[in-house]
Structures are given as C-alpha cells and as structure tokens.
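Input: a single structure, listed below in structure tokens.
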Amino acid sequence: MSGKLALIIGNSEYEDRNLAQLVTPDADVNALAEILRDPEIGGFDEVVALVNQPATANRRAIAAFFAGRGRDDLLLLYFSGHGVRDDRGQLFLAVKDTEYNLLRGTAIPAAYITDEMDNSRSRRQVLILDCCHSGAFSRGMKGTPGASVGTAAAFEGTGSGRVVLTATDSTQYAWEGDRVIGQAENSVFTHYLIQGLRTGAPDIDADGQITLDELYNYVYEQVVKETPMQTPGKWSYGQQGEMVIAQNPRPVVKPVELPPDLRQTMEDPRPWVREGAVRELDRLARGNYPGLALTAQEALKRMGEDDSRRVATAAMQALAAHEEMQGANEELKAAVVARVKAEQLVLRDAEKERLKREKAEAKRKAKEEDERLKRQRAEQEQLLRQKADAELVEQQRLDQGEARAEQLLPKIATKREFVTINIPGATWKLIFMMIAGRAIGGVIGGYIGWYYGGWAIALAISGAIEGFTIGLVLRQKELSIQRKQILLIAAAWSIVWFIGWFIDDAIVHATGEATANALYVTTGWDLAYILGIGIGGIISGAIGGAIVGLSTGLVMRQIESSIQLKQIRMITIGWAIGVAIETGFVWFIGEATKWSDAGLYFMLIVIAIAMSGIIGGAVMFSQLDQARQSK
C-alpha cells in the first residue's frame, strides 16, 4: 500500500556570522507541517519537521527519509534557509552549524540529496526549496542578486518521477518582506504555498483534488504578482501522471444534469409516477457523486411544491432525512478529524520525546568521548614521561660506558693536542661484531696454517676475512661506503698479513732471539727466550698493525671527507698498539706452551683478536665520530 510522507527542514539560526540570521524559516516549517498533517487537506501519513538542527542530524534524516520506500510512495522534501555556492559553483544547503569556508564538511550538498533520491525506489518524489543561493545577506533575506545556480542540473540525477519546485533559481532575492502575513511570518513563496493548500484555490478543475502542477501554477502566479523581482522555478524529470498533493478543503460542487428519463418522470401528469421520481431523486441525493447529488437535492426542493400533496410530502420527507443524515455525517467527520488530530498530537509528542532522548544520548556519548580522550591524553603523557625517564636512564648508562672507555684507553697526545676517545653503546655493538668477524677469520687462517702449512697463504685468507668484516661494520656506521671500498680494505688486510708473515717470522726469530740471548746473559733467566720471542712478536705486530691501520684510515678518508690526517694518525696508532698486543700475546703464550695444543692455540687467537679489536676498533670509531662532529 502506497503512502504519503514529508520531511520539512528549516533553518533560521546560523552560528557562522558570514550567514545572516533569517526571519521566517521556523514559521514556514511549522505552518507547512501542520497543513500537511491535516487529514482534511494534506492527509500525509508521516510528517517529520526539523528546525535549526546541525548538518549531521539533517543528513541522517534525509537518508532515512528516502530509504526503504515503495515505488508508489509520495515523498515530499521541503527546505527553507540559505543556499550557498562554493567557488566551483556547486550548490549547498546551509544549516545551523554550517561554516561558510568549510561547506563540503558542514553543509548539505545538493549532490548528496540527489544521490539519496536516485537510490530511493520511489518514483513520486517532490523537492521544494524556499531559498536562494549566496551566503551573507541582510537580515530577513535569503539571497543576493545574480545568475542561475543550475538547479535543474544539480537535482536531475538518474532517477525518474521527480519534480523540483524553487522559490527562485537565481541568486536574486527570495523576498520575505518585513510585514506579517497571516498568523505567522512566512516567506512569500511558502505563504502562497500554504494559502493554496488551505483554501483549495489551486483546484481549478473543481475535482476536489490539488495536484502538484495546479499548486505550482497558483503559487507562481501569486508570487510574481506580488514580487515581480522573484521568479519561482519548476523542473520535472520523468514525471508520469499527476501527483496529488492535497484535497480541496472547500470543494466547489457543480450541478450535473439529471438523466432524461428521470426528468420525464418528474414531469409526468400522474402523481404516482412523480412519486416514483421522488424515490429516485432521494437515492441520487444520498449517492457518492457530489454534482448529481446537488442536482437531485434541488429537484427535491422543487417537487416539495408539487400540486400533489402526496408527492410534495414525499419530497419534503426525503429532504429532511437527507439533511439529518448530512448533519450526522458532518458530526462523524468532525469526530474523525478530532481523533486524527489527537493521534497526530500524540505522535508529535512521541517524536519530541524521541528527539529529546536522542539529544540526551548524544550528550552522554559526547561526555563519554571527552572522558575517553582525557584518559587517552593522560596515558599518552604517562608514556611520554616513562619514555623520557627511560631515555634519561639510557643516557646515564651510555655516559657511564663512555667514562669506563676513557679510563680503559689512554689519552694519546699529539703535539699539544689530546684526542678523547668516546665510544657510545651502539658503537660497542659494532666493535663486537667486528671482533666476531675477525675471530672467525683468524681461526680459519690458523686452522689452515696449523694443519696444512703455508702460513703466509693462511694469514692472507685470514686477513681478507677480517678486512671484509671491518668494511661491513663501517658500512653499518652509516658511511656511504661502496662494495669496491670494502674489497679494498679486505685486500689491504690480506696483503699485509701475507707479507707480515715473513716480516713477523724474521723479526721474531732475529730480534726476538737476539733479545732473548741478551736477557739471558744479563739476567740468567730460563724464560728469557720466551720473553724475547714475545717482544719480537710485539715489534712485528706493531709494524703490521700500523700498515693495516694506515690503509684502513686512507680508505675511510675517501668515503668520509671530514677525516683529517690527525684522525688517520690516531687510527694507525690504535691498530698498531692493538695488533702488537695481539701478536706478542700469541707468540709469548705459544712459545711458553711449545705450540703443543691446537685447542689452546685457537683460543689464544680469539682472545688476542678480541684485545686488538677493542683497542683498534675503539680508536677507529671514536676518530670517525670526532671527524663528523667537527664538520
């Protein structure tokens, strides 16, 4: 079963000062809603009125209004308020919380209404806009002079069975005036809209019904007559058939001619025949055809003056019965109207209560949201404090680590300058990574040399692995080091260890033995030879470490231009000291144990590499950091 439904929206109060307050929308909404609810006029099944509501409430109401409707349902959407165009010419309907500079997010786009109408199944849709299309107007006005805003294109969409009525389609004034019209102050357009429905004047064909076309023609004529500067507009999209908006509350009944045979019977000279005509006229007077009933009543009045007393009495009795029945019908009709109005009041009160509950619920949710945001901010502040405390603890730990590193490594004097070695915690991780890689290379080289001989080749392989590891660690230090530079460092370490074997062997067995003999002669120690070999290892290691330190520093300077010669000198000295300790330690312990235990030998290699890596790596990374800080 089809229904008639209406959504009436009006806005006169605007929070944005760029949008002037209006005079009449509140009265427009209330008056139109009342007349549409009236069972004798509009007879709409449902009328929802929204006055001065925010954009979200209006959008939701529009979506709900068009959703779930039947194909034959008549849907009427009315809006009274400001219409605003953006800089691209798109039309928006301004409501209470609309911001003139944020139309897309705070107003109702015409495109939104068009989409909802397109998505509705109803093919009987009416949109009435009593607004014009600017924004900041003088009090009591709804527009400012200008050109068409393209209402036809804005609301065309893809649907059918749609009619759009507007107070005006341009940015001309939609005149309201300063005078009171009727009982409330309505705009001229809505005033004649309501007047036409209330008086039934648009019903020009006197069929008792007011169609949309009849209503528009009436309103157009009256508005143009009163305010020539304002021109209402009407657009139809796929409209089929008439749309009946209301019933004429004051229908004009036109007499209809009686059937010829009945007229002949009324004029028959025989009284009993004319008496039969009275019975037929009585039946027609009680019928459902107003024009014919009116003619039958008039005929009964004439026959009440018939020269036959019997005929006249029958006619007068029929008229009396008809008038009594008509009075009863009027009473019944009045009772029905009163009952409908009472039901509408109940529904209106229920709607007010529902809106009140929704407002209270929205307020409660807003309060909960505020509390949630407060808790969230408090948690975020607590997390920030905890993070700050953790960073402070970490910084203190790093400062302690730097202090320990400064105590561990001596300050090396160069001329009158002292170079400070500061190693952050993150750099120590890189040093340990480098030590691990060098230890692997040292164990592999030592394994090859121990079991297969060829110590020069074995040390070359070991040096390549160690150099490659150092290159990778430097890359982790965020240097823009390339593969060729990593390979260059690996090659330098490999060549130095290859040549270093011969230098090491020569120095250890020459200088070391000479030193051992001298010590033995001087002190008479039995361990003089072992000590001498260790001293030889220290000398050879210092030479080899200086060479690999120098080559590594030069490669680093190619990559990091801020590295100066003094930093390269310190890197060279650091690796010289580290490798000297490494080589001397291995030779001393090795000779002391007569190189009898392979497991002990490999452990010595790992320990020695760890000591040299800590010293050489610490110096190398500290000089790199100093070079960067001096930029």
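The values are calculated or read from the model by the stated rules, or taken from the named source; none is laboratory data. Quick caveat: nothing in here was measured; it's all calculated off a predicted structure. Methodologically, a virtual Cβ is constructed for each residue, glycine included, from the backbone with ideal geometry; neighbour enumeration extends over all protein chains shown.
For the range 1-22, residues that are surrounded by fewer than 21 Cβ atoms within 10 Å (Cβ to Cβ), among the hydrophobic types (A, V, I, L, M, F, W, C) and either over 26 Å from Asp73 (Cα atoms) or within 36 Å of the chain's Cα centre (by Cα) (or both) total 2. In the range 23-44, the qualifying residues are those that are at pLDDT below 80 and not in a helix (DSSP H, G or I), and the one that is farthest from Leu74 (Cα to Cα) is Val23.
Considered as a group, the residues in the range 50-68 that are among the β-branched types (Val, Ile, Thr) and closer than 23 Å to Ala31 by Cα include one that is modelled with the highest pLDDT, and that residue is Ile62. Return yes or no: is Thr231 farther than 30 Å from Leu36 by Cα and hydroxyl-bearing (Ser, Thr, Tyr)? Considered against the rule, which asks whether it is farther than 30 Å from Leu36 by Cα and hydroxyl-bearing (Ser, Thr, Tyr), Thr231 comes out as no. Taking the range 481-507 as the search range and keeping residues that are under 60 Å from the mean Cα position of the chain (by Cα) and not aliphatic (A, V, I, L, M), which one is modelled with the lowest pLDDT? The extreme case among them is Trp493.
For the range 313-340, how many residues meet the condition of being closer than 19 Å to Ala293 by Cα, among the charged types (D, E, K, R) and at pLDDT below 70? Give the derivation first.
Of the range 313-340, the ones closer than 19 Å to Ala293 by Cα are 314-330, 333.
Retained after the next criterion (residues that are among the charged types (D, E, K, R)): 323-324, 330, 333.
Checking the rest, the ones that are also at pLDDT below 70 come to 330, 333.
Of the residues in the range 313-340, 2 are closer than 19 Å to Ala293 by Cα, among the charged types (D, E, K, R) and at pLDDT below 70.
When residues in the range 78-119 are screened for being polar (S, T, N, Q) and more than 23 Å from the chain's Cα centre (by Cα), 2 of them pass. Applying the criterion of at least 3 residues that are modelled with pLDDT of 90 or more to the strands (runs of 3 or more DSSP E) found wholly in the range 69-160 leaves 74-80, 124-130. Scanning the range 302-321 for residues being loosely packed, with under 15 Cβ neighbours inside 10 Å and not in a helix (DSSP H, G or I) gives a total of 2.
Residues of the range 209-245 that are crowded, with 17+ Cβ neighbours inside 10 Å and assigned to a loop (DSSP other than H, G, I, E, B): Thr227, Gln230, Pro232, Gln239, Met243. You will find that of Arg274, Arg250, the residue that is of a type outside the set (A, V, I, L, M) and either within 28 Å of Gly42 (Cα to Cα) or in the same structural domain as Asp73 (by TED's automatic domain parsing) (or both) is Arg250 and no other. Here the condition is being at pLDDT 85 or above and touching a Pro at 6+ places or on another chain (Cβ under 9 Å); of Arg310, Arg372, it holds for Arg310 alone. Being among the β-branched types (Val, Ile, Thr) and not in a loop (DSSP other than H, G, I, E, B) is a property that Val48 has.
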